[in-house]
Amino acid sequence: MVGLWHWVERNSAGLSLLVPFLAIGGGLLGNWLGAKIQAKGGLAQASAAREAARITAEAARLSELRNERRLAIADFMRTSRRHYYLVWDQYRREREDELGPAWDALDLAYAEIELTVPHTLLRLAKEVMNAAQEARELVALRGPAARAMALLLEPASDGSTPGRAAHAAVMAARAAVSCSETDCANAEQEALRELERCGLLDSDQMRQVRLDVVRQPLAPLRQAHDERFKSALTGFAVAAREALGANREGGVVEWIPQA
């Protein structure tokens with residue numbers, strides 16, 4: 001240390017000349033370090049701003065998607081119920097002019113579902129469509145005969161029921177066919193005579209009734225189709241409520257769409 005002190009005393013003049021340069025260098029170094037730190041801070045702020053913008057945009061996208069899904073789901077359920085109501089009523093009266101457009105509306109609603117909902121909901125929606133299609137096919141096959149049979153039970157203007165005997169004869173023929181009785185052909189012929197006698201049905205309606213006699217009873221089939229459709233639509237509705245967060249209590253809830 002003593003030696004270093006003597007060296008400083010001997011070179012004090014030279015060191016005094018270096019002091020300004022050291023001060024300038026220190027100042028420059030300080031400015032550079034400060035600028036570098038400030039630049040890093042600026043980059044961090046810019047990165048945070050970009051991340052915040054990304055999160056905001058993603059939240060807006062998810063909110064829009066959620067709203068699109070809600071509307072698509074609601075429209076699918078509405079058109080499903082409307083179509084099935086017309087299918088069910090088709091057994092009582094002719095509504096084919098309404099049933100066709102109703103199916104087109106349901107098909108369009110299902111297309112919206114295909115584009116907006118997760119795979120789990122899409123699978124359940126497909127079950128609804130299958131049930132609706134099967135019910136539609138059944139009423140196309142059995143509806144004409146069912147409507148004709150309903151006409152046989154309608155009272156006339158004087159309160160009489162001229163078609164009741166024909167209705168009873170058709171039911172007897174159906175029972176004979178279902179039980180494989182040997183005289184089922186005679187029962188069918190008797191039903192045809194009664195149908196012609198009452199005069200309430202045209203030739204095509206009588207043909208539909210005759211064709212329907214040999215088929216299995218309609219009521220159990222209708223009940224099975226009814227139960228399948230309602231079960232499929234209920235399953236879809238329950239899953240949709242869960243996906244949309246409708247079962248959660250409170251206000252705004254976190255909602256993340258599943259793939």
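FYI, it's all coordinate maths here, none of it is from the lab. All figures in this text were calculated on a predicted structure; none of them were measured in a lab. A quick note on method: Cβ atoms are made from the backbone with ideal geometry, for glycine too, and the neighbour counts reach across all protein chains shown.
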The residues 119, 167, sorted from fewest to most surrounding Cβ atoms within 10 Å, come out as 119, 167
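If you filter the range 81-119 for GluC sites (Glu not before Pro), then keep DSSP loop positions with at most 12 other Cβ within 10 Å, what is left?
The qualifying sites are 94.
Just rank 225, 83, fewest to most, by other beta-carbon atoms within 10 angstrom.
225, 83
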Expressed in nm to one decimal, what extension gain is obtained for the pair residue 242 and residue 156 from 0.36 nm per residue of sequence separation less their Cα-Cα distance? 25.7 nm
For the range 197-202, just list the computed ³J(HN,Hα) in residue order, Karplus coefficients 6.51, -1.76 and 1.60, θ = phi - 60°, integers in Hz, with x standing in for Gly and Pro. 5, 6, x, 8, 10, 7
Return, ordered by residue number, the residues of the range 134-162 whose backbone nitrogen is under 18 Å from a label point located 7 Å along Cα→Cβ of residue 85. 136
Rounded to 0.05, the calculated FRET efficiency for the beta carbons of residue 178 and residue 105 at R₀ = 45 Å is 0.75
Arrange the following residues from fewest to most other Cβ atoms within 10 Å of their Cβ: 170, 117. 117, 170
Expected unfolding gain across residue 92-residue 126 under the 0.36 nm per residue rule, minus the alpha-carbon gap, is 9.5 nm
